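**Q** Can you keep this structure in mind? I'll have questions shortly.
FYI, it's all coordinate maths here, none of it is from the lab. What you see is a predicted model, and the numbers here were worked out from it, not measured in a lab. Here the Cβ positions follow ideal geometry from the backbone for every residue, glycine too, while neighbour counts run over all protein chains shown.
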Amino acid sequence: MVRTLMLILLVAALFLANVMWGTVPVALSEVMSACVGGGTGVAQFVVLESRIPAAITAALAGGSLAVGGLLMQTLFRNPLADPSILGISSGAGLGAAIVLLTTTGIGFIATATAAMAGAMVAIALLVAASAWVRGSTALLVVGVMLSFIISSITSLLNFFATEEGVKSFFIWGLGNFSGAQGTRLQLYAACCCVAWLLLPLAVRPLDALLLGDDYAQSMGIHVRRHRTLLLLLVGWLTAVTTAICGPIAFLGLAVPHAARRLTHSALHRQLVGTTLLLGSATALACLFISRLPVMLGITHSILPLGSITPLIGAPVVVAMLTLRH
């Protein structure tokens, strides 16, 4: 309980820090005034139209990708599994590539829709594969091969695309928490929260699957059915997040390891909540770090998230795997 409270306070502190500091600093009193409809027009725009939506998106994306990584690592009993390994992120990237590399002047909604469609096609292929592939390891291999195939198609599109299209796709691929506002943010939040509400139902099957398929069957768990449902859950969270934010690497891989170290437990009734909160905190920390060069006057633009999450995630994974021995 104390650990959960500390994580909630950490998420709240990082959320507030992201709202107060950026290219233009906003005092706490101005933030509070803007939230109740007062304050200057500039403060209202910065707080309500830019920073709060970005912070909410970061919290939702971080929690979704982190818990998706936890489910993947349990489902495949592999510490290096994460949502991107099954080709879902690659599918979203292919959908975005088809739009960005073959057309000009395309908007955010069209890109996000195409990314979502690509991710859902990848999920459909995985679900179809899970119906006839026996064992989690074989399905993992199928997912990795699917990811390679999709990445190859994306590379071919890049090769034949225009310079403007390649630049647009490159920028989308860097990741961004600032793309969702208004109705888009509400829809994204609803998609994430509905999936999060289903997580308590997955705790018992996850604990059983952690000990192997045979043990899960002896506990009355229908392995193939639950494996498919868990894949759909992870796929949905990954698809909507990638469609809104672009590909965000290493959160799904690194955060579950940190959560296990923090809880000293393999039980998912403790891990799921901790992973959600820790994922949100990590994403908010990455968002804050991306703004540091602007706040320090080093540059005039924020750093791309795609260059920050690996710098944080990769050392965490190496440290966690090394310290286990």
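**Q** I'd like to know which of Ala114, His222, Ser89 lies farthest towards the positive end of the charge dipole of the chain, counting +1 on Cβ of Lys and Arg and -1 on Cβ of Asp and Glu.
**A** Final value for the positive-end residue is His222.
**Q** Next question. How long is the gain from Tyr215 to Leu174 if the chain were fully straight, where each residue apart is worth 0.36 nm and the alpha carbon distance is subtracted?
**A** Full-extension gain reported as 10.6 nm.
**Q** Using alpha carbons only, how many degrees (0 to 90, rounded to 10) separate the axis of helix 52-75 from the longest principal axis of the chain?
**A** It works out to around 10 degrees.
**Q** Follow-up. Evaluate the distance, in nm, between pseudo-label points positioned 7 Å from the Cα of Leu198 and of Ala13 along their respective Cα→Cβ axes.
**A** Here the modelled spin labels are 3.5 nm apart.
**Q** While we're looking at this one, here's another question. Please state the charge dipole magnitude for the chain, taken about the Cα centre, from unit charges on C-beta atoms (+1 on K and R, -1 on D and E), reported in debye and rounded to the nearest 20.
**A** 680 debye
**Q** By how many degrees, between 0 and 90 and to the nearest 10, does the Cα long axis of helix 2-20 differ from the longest principal axis of the chain?
**A** 40 degrees
**Q** Once you have the Cα-Cα distance between Ser155 and Ala138, take 0.36 nm times their residue separation minus that, and quote the gain in nm to one decimal.
**A** 3.5 nm
**Q** Over the chain, what lengths in whole Å, largest first, do the semi-axes of the equivalent ellipsoid take, defined as the square roots of 5 times the eigenvalues of the alpha-carbon gyration tensor?
**A** Listed largest to smallest, the semi-axes of the chain are 32, 26, 17 Å.
**Q** List the pair-distance distribution P(r) of the range 158-227, using every Cα-Cα distance, as the percent of pairs falling in each 5 Å bin from 0 up to the bin containing the longest distance, rounded to whole percents.
**A** Binned Cα distances yield the sequence 3, 13, 13, 10, 10, 10, 11, 11, 11, 6, 2, 0.
**Q** In the range 221-325, with Lys and Arg counted as +1 and Asp and Glu as -1 at Cβ, which of these residues, Met320, Ile308, Ser280, has the Cα nearest the positive end of the dipole, that is, farthest along it?
**A** Met320
**Q** Given a cut-off of under 8 Å on Cα pairs at least six residues apart, what relative contact order in percent is computed for the chain?
**A** Relative contact order here is 29 percent.
**Q** In addition: Tell me the volume per residue, in Å³, of the convex hull enclosing the alpha carbons of the range 51-181.
**A** Spelled out: Cα convex hull of the range 51-181, divided by residues, is 106 Å³.
**Q** Using only Cα atoms, find the angle between the long axis of helix 182-197 and the longest principal axis of the chain, and express it within 0 to 90 degrees, rounded to the nearest 10.
**A** With both axes taken from Cα atoms, the answer is about 30 degrees.
**Q** Right, here's the next one. To make sure I understand, if each residue's beta carbon is the centre and we count other beta carbons within 10 Å, what order do Glu49, Glu30, Glu163 fall in, fewest to most?
**A** Glu163, Glu49, Glu30
**Q** To continue, here is another question. Based solely on its DSSP helices, what 222 nm [θ] is calculated for the chain when runs of n ≥ 4 H residues each add -39,500 (n - 2.57) and the sum is averaged over all residues, nearest 500 deg cm²/dmol?
**A** -25000 deg cm²/dmol
**Q** Go through Ala61, Ser155, Ala254 and say which Cα lies farthest out towards the positive end of the charge dipole of the chain; charges sit on Cβ, +1 for Lys and Arg, -1 for Asp and Glu.
**A** Towards the positive end, the residue furthest out is Ala254.
**Q** Oh, and also: Taking the Kirkwood radius as the inverse of the mean 1/r across Cα pairs, report the Rg/Rh of the range 130-252.
**A** Across the range 130-252, the Cα-based Rg/Rh ratio is 1.06.
**Q** Could you give the length gained by full extension between Val24 and Ile289, i.e. 0.36 nm per residue of separation minus their alpha carbon distance, to one decimal place?
**A** 93.9 nm is the gain from fully extending Val24 to Ile289.
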